[in-house]
Protein chains: 2
Amino acid sequence: MRHQTTLLYIDAVVRAGSIRRASEMLAITSTALNRRILAIEEELGVPIFERLPRGVRLNGAGELLIHHIRNQLSDMERVRSQIADLTGERRGHVTIACSQALLPYLPQQVAGYRKDHPGVTFGVFLRDRAAAEAALVDYTADLALVFEPIRLAEFQTIMTVRQPVHGVLARAHPLANHQTLRLRECLQYPVALPTRSYGVRHLLETALVDSPIKLNPVVESDSFEFLRLHAVAEGIISFQIPIGLPPEGMTADMVSIPLDARDVPSGLIYMGQLRGRTLPVAAARFADILSKDLEERYGPT
Amino acid sequence: MRHQTTLLYIDAVVRAGSIRRASEMLAITSTALNRRILAIEEELGVPIFERLPRGVRLNGAGELLIHHIRNQLSDMERVRSQIADLTGERRGHVTIACSQALLPYLPQQVAGYRKDHPGVTFGVFLRDRAAAEAALVDYTADLALVFEPIRLAEFQTIMTVRQPVHGVLARAHPLANHQTLRLRECLQYPVALPTRSYGVRHLLETALVDSPIKLNPVVESDSFEFLRLHAVAEGIISFQIPIGLPPEGMTADMVSIPLDARDVPSGLIYMGQLRGRTLPVAAARFADILSKDLEERYGPT
DNA sequence: TTTAACCGCTGCATTTTTTGCAGCGTTTCA
DNA sequence: TGAAACGCTGCAAAAAATGCAGCGGTTAAA
């Protein structure tokens, strides 16, 4: 990477927000880093950073430049991995920004891919919809997996998958032997709900918007795992999408039953990438495999 | 351009075909250049050049790399010009690979664009269809303008325009006062034709493929200008597409009359760029203006 | 078959560039 | 009001790139 140190340095400064902080991460002196920045600015003929009392921030020209730089760094990575392909190895690194609701789905997929390509490493990070898009934009994630997002400008959808909302309840619960659940039935019992920022909650809220019935959760949490465990422990109902359930599916003391589609419409999972970006080969192939698997499991949209 | 000298050097070596020749153009010693190449190869872990007795040639890895490098250099150019836009200037350079038949059309277009943007410079190069595509692929041209090409893999069409074949003849010619020309009529007189590699000739040949009449040119040339001038001088008929006629149109002693569409189908002019490339702003805008002008003159396809 | 012309590549001295240290002036926050 | 960050600069040391001379090999013409 010798021939693009300057690009890496600039990227580091942008991320760190100040030259001195970036210099620490890069293990060089702030002097050297500072002078590289000055050199680039002279080369371009315009400054790319605003100098603030607490550090630096990109100006307009800098925004243009940093996008080019990150694209360039990522593209070089892709070329390296294609070259590695030529010589027989298969390497790479795939980073994924993923909604909490979908997190349990990934481990087996990643494991399956790594079985075929042990040289490929992964980074999986929990991000809400907005943060997932931001991660695509600043190239900290190659792929994003989110549930029911608002439409996002830089987000280019690779595929979507329908997910009905399921009720999650203890096997001992009175409703546990139903084939489907009516929402009204459920709400006659105490329920545990995710917070309003989550897609599942949003679907339930909008389903009830014209109804006199209101959601009155006895437990509210931003952890799906907690909600699931609590539903079983206290014998109440929680709601989740099937992909978010642990791969073992229904355990001995827990069942998951779809809500009737007349009551609550199903939501959409989106897999996507940064608009216009060419993904590294490993990421592109993983996305491919994910697409196929999702379509197999949950059918075409 | 300090931070991408290595990229420029590699590109130069590829174009020159040998390190020593490239070093002369770059005004450095072959030593320095050679060592940069070796450094890059070590960095990548694989050679990118085959060493031949008379120089070097890219291997597979090198092909991947050079494409990335050229894309990267061109993209940086785009960023620079966008930054220049921000600061109020408007600069850039547009290179065009153009079939001979279309060459006379360009000067007024270029002049018109440069009137609005004096900072933008142009390079216009005569290339046949295959060479035009090659120029796009190796980034020596931003845009290509060709007539009736065979389908080309890396060529991404921006727009097309219909062009009927015209007969070009002296005003004194017996057919000069017709509204349209029948091919059979024309061929009763001596004709001057471009060589078989040109689209106009190709259209005429295919029009006669099932006919007993054959083309027997008394003059054959690969210069459209020569054909035009000769048609007038000897008082015979030549064939050309209207866009290739000098902008003054029909001069005092020359007329241009369309062939009847029943005899010879009209051909297509293609304007295109390298598939998947983001053009520099100046090139993109020029392409835009060209599109509009072509559509205005010759109508939608 | 010899010879001259290129080719890529290497050891070594030289030049150029980059880096680190110390320190300046300024702003923010406690 | 003092401590802590910040970006930036002069100067010397360290590192990297460059140029020169020359080696061994291949091609193509004499």
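Quick notes on this structure:
- Residues that are open to solvent by 60 Å² or more (accessible area, probe 1.4 Å) and either among the hydrophobic types (A, V, I, L, M, F, W, C) or not in a loop (DSSP other than H, G, I, E, B) (or both) within segment B:220-238 comprise B:Glu220, B:Glu225, B:Phe226, B:Leu229, B:Ala233, B:Glu234, listed in sequence order.
- Of the candidates A:Thr95, A:Thr29, the single residue that is within 16 Å of DNA strand D (Cβ to nearest atom) and either hydroxyl-bearing (Ser, Thr, Tyr) or assigned by TED's automatic domain parsing to the domain that holds A:Leu279 (or both) is A:Thr29.
- Spans of helices (runs of 4 or more DSSP H) in segment A:115-219 with at least 1 residues hydroxyl-bearing (Ser, Thr, Tyr): A:199-207
- Qualifying position, being over 23 Å from A:Ile243 (Cβ atoms), of a type in the set (D, E, K, R) and in the same structural domain as A:Asp293 (by TED's automatic domain parsing), among A:Glu154, A:Glu185, A:Glu148: A:Glu154
- Selection within segment B:37-68: residues that are hydrophobic (A, V, I, L, M, F, W, C) and more than 9 Å from chain A (Cβ to nearest Cβ). The member of this set that is farthest from A:Gln4 (Cα to Cα) is B:Leu52.
- Scanning segment A:68-97 for residues that are open to solvent by less than 10 Å² (accessible area, probe 1.4 Å) and part of a strand (DSSP E or B) returns A:Val94, A:Ile96, A:Ala97.
- When each of B:Phe49, B:Phe122 is tested for being crowded, with 16+ Cβ neighbours inside 10 Å, within 16 Å of DNA strand D (Cβ to nearest atom) and aromatic (Phe, Trp, Tyr), the lone residue that passes is B:Phe49.
- Within segment A:130-142, residues that are among the hydroxyl-bearing types (Ser, Thr, Tyr) and modelled with pLDDT of 90 or more sit with their Cβ atoms under 8 Å from residues that are part of a helix (DSSP H, G or I) and open to solvent by 40 Å² or more (accessible area, probe 1.4 Å), at 6+ positions apart or across chains, in these pairs: A:Tyr139/A:Asn71.
- B:Leu65 over 18 Å from A:Val281 (Cα atoms), open to solvent by less than 40 Å² (accessible area, probe 1.4 Å) and either more than 13 Å from DNA strand C (Cβ to nearest atom) or touching a Phe, Trp or Tyr at 6+ places or on another chain (Cβ under 7 Å) (or both): no
- Being within 27 Å of B:Ala131 (Cα to Cα), in contact (Cβ under 8 Å) with a residue 60 or more places away in the chain and open to solvent by 40 Å² or more (accessible area, probe 1.4 Å) is a description that does not apply to B:Gly272.
- Residue tally, condition in contact with a strand residue (DSSP E or B) (Cβ under 9 Å, 6 or more places away or on another chain) and either under 19 Å from B:Gly267 (Cβ atoms) or without any contact (Cβ under 8 Å) to a residue 60 or more places away in the chain (or both), over segment B:165-184: 9
- Meets criteria (among the basic types (Lys, Arg), in a helix (DSSP H, G or I), open to solvent by 20 Å² or more (accessible area, probe 1.4 Å) and away from DNA strand D (no atom under 11 Å from the Cβ)) for B:Arg35: no
- Odd one out for A:Asp138 among (1) under 11 Å from the mean Cα position of the chain (by Cα); (2) surrounded by fewer than 18 Cβ atoms within 10 Å (Cβ to Cβ); (3) closer than 30 Å to B:Ala84 by Cα: (1)
- Once segment B:258-269 is narrowed to residues that are of a type outside the set (Gly, Ala, Ser) and surrounded by fewer than 20 Cβ atoms within 10 Å (Cβ to Cβ), the residue that is nearest to B:Glu225 (Cα to Cα) is B:Pro258.
- Segment A:1-26, residues that are more than 8 Å from chain B (Cβ to nearest Cβ), of a type in the set (S, T, N, Q) and under 26 Å from B:His68 (Cβ atoms): A:Thr5
- All positions within segment A:87-128 that are farther than 30 Å from B:Val46 by Cα and in contact (Cβ under 8 Å) with a residue 60 or more places away in the chain: A:Ser99, A:Gln100, A:Ala101, A:Leu102, A:Leu103, A:Pro104, A:Tyr105, A:Pro107, A:Gln108, A:Gln109, A:Asp128
The values are calculated or read from the model by the stated rules, or taken from the named source; none is laboratory data. Since the model is a prediction, treat every value here as computed from it, not as a measurement. Don't worry about glycine lacking a Cβ; one is built from the backbone with ideal geometry, like all the others, and counts go over all protein chains shown. Ligands, DNA and RNA are excluded from the accessible area calculation, which covers all protein heavy atoms including side chains. Shrake-Rupley method; radii C 1.70, N 1.55, O 1.52, S 1.80 Å.
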